[in-house]
Amino acid sequence: MPLLPISLVVITHNEAARIGRCLDSVPFAAEKLVVDSGSTDDTRAVAQAHGARVVHQDWLGFGPQRNAASTHAAHDWILVLDADEFLSEELARQLEVGLPALMASSRAGAWLRRRTWFMGAPMRWYRPMVGERSARIYHRDRARWSDARVHESLRFQGETIEFKAPFNHLHNPTLVHKQLKVLRYSELKTRDWYERRRPVRMWMSPLVFFAAFVKDYVIRLGMLDGWRGFVISQLGASYAIYKRMRYYEMTRNPHSRELARQELVKHGLERE
């Protein structure tokens with residue numbers, strides 16, 4: 001497969017078990033760049049063994065980290081994956097054929113479709129995990145990541161195209177991993193709310209939980225994925241309400257921000 005002038009960019013922290021598969025799924029990229037924020041496992045060594053150039057970048061938050069990573073790339077065109085994601089063979093073939101025309105155009109980038117595995121198998125019906133549309137390919141002068149600490153988005157400045165074949169996302173290996181991620185992501189999100197002085201509105205919490213569950217289980221078809229659909233819907237609703245409870249705690253007891261940060265650092269969920 002000929003190499004194309006595009007950089008695969010992956011941001012990492014302790015991803016030794018997954019980074020190799022991610023990097024190997026993109027054989028056509030002229031550069032594979034891993035931007036690591038201080039892994040204490042073998043992430044750097046494994047990435048280098050799979051052909052990646054590794055650079056260090058202190059953790060800035062998801063959006064700022066991705067923008068910083070873009071500046072380290074050797075090519076203007078960038079493909080972004082997370083360490084727990086990898087291209088399907090079908091998508092790799094589509095990109096090999098379609099990327100040259102995209103990169104020769106004035107377009108800003110391209111959307112991909114993500115297929116998510118949960119509890120050991122791909123979800124079949126739950127809409128956010130079946131063919132989710134995700135912005136992953138862009139020219140770095142024509143797109144930029146939002147500055148959000150978590151749940152960042154890529155904002156295109158121009159026209160885009162879409163590739164239909166999916167890439168794979170191996171969602172958290174266990175529910176334990178999922179719940180630990182919820183703690184980390186909730187803390188990042190509520191810090192954003194705290195800085196923006198968002199209204200607390202605790203009275204909305206029961207409604208938020210109910211609406212989030214119904215949206216995922218009924219409207220987004222989680223119920224058709226059996227008990228796995230019930231689990232993912234309940235987890236989503238719990239995440240929605242936990243963020244609000246944690247934010248309420250922050251506003252009542254600002255000292256809890258530092259106490260929580262120390263606890264997350266102690267358990268490896270946050271960088272010093």
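Just so it is clear, none of the values below were taken in a lab; they were calculated from the coordinates. None of the values given here were measured: they were computed from a predicted structure. Every residue, glycine as well, gets a Cβ built from its backbone with ideal geometry; the counts of neighbours run over all protein chains shown.
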Please determine, in degrees from 0 to 90 and to the nearest 10, the orientation of helix 205-214 with respect to the longest principal axis defined by the Cα atoms of the chain, where the helix direction is its Cα long axis. 50
Would you work out the charge dipole size for region 145-242 about its Cα centre, treating the Cβ of every Lys and Arg as +1 and the Cβ of every Asp and Glu as -1, and quote it to the nearest 20 debye? 300
Kindly rank 16-24, 68-76 from highest to lowest mean number of other beta carbons found within 10 Å of each residue. 16-24, 68-76
Here Rg/Rh (Cα, Kirkwood) for region 1-98 equals 0.95
Values of log10 I(q)/I(0), in the order q = 0.10, 0.13 Å⁻¹, for region 138-272 under a Debye, Cα-only, solvent-free model: -0.46, -0.76
Compute the angle between helix 89-103 and the longest alpha-carbon principal axis of the chain, please, reported from 0 to 90 degrees and rounded to the nearest 10. 70
Can you find, among 165, 64, 239, the residue sitting farthest towards the positive end of the charge dipole of the chain, where Lys and Arg contribute +1 and Asp and Glu -1 at Cβ? 239
Given only helices, namely DSSP H runs of n ≥ 4 each adding -39500 (n - 2.57), what is the per-residue ellipticity at 222 nm of the chain, to the nearest 500 deg cm²/dmol? -13000 deg cm²/dmol
Please compute the modelled spin-label separation between residue 24 and residue 207, points set 7 Å along Cα→Cβ, answer in nm with one decimal. 5.1
For the chain, what is one quarter of the convex hull surface built on the Cα atoms, given in nm²? 14.6
Relative frequency of Cα-Cα separations exceeding 20 Å in region 183-244, percent: 34
If r is the Cβ-Cβ distance from residue 53 to residue 103 and R0 is 25 Å, what FRET efficiency results, to the nearest 0.05? 0.80
Expressed in angstrom and rounded, the centroid-to-centroid distance over alpha carbons for region 198-235 and region 154-180 is 20
What do you get for the angle between helix 226-252 and the principal long axis of the chain? Use alpha-carbon atoms, 0 to 90 degrees, nearest ten. 60
Spatially close lysines, pair count over the chain: Cα under 30 Å, gap of eight or more or interchain: 20
Square roots of five times the Cα gyration tensor eigenvalues for region 57-215, Å: 30, 22, 15
Show the residues, 5+ positions off or on another chain, whose built amide H is closer than 5 Å to the amide H of residue 132. 114
Rg followed by Dmax, in Å, when region 152-205 is reduced to its Cα trace: 17.0, 43
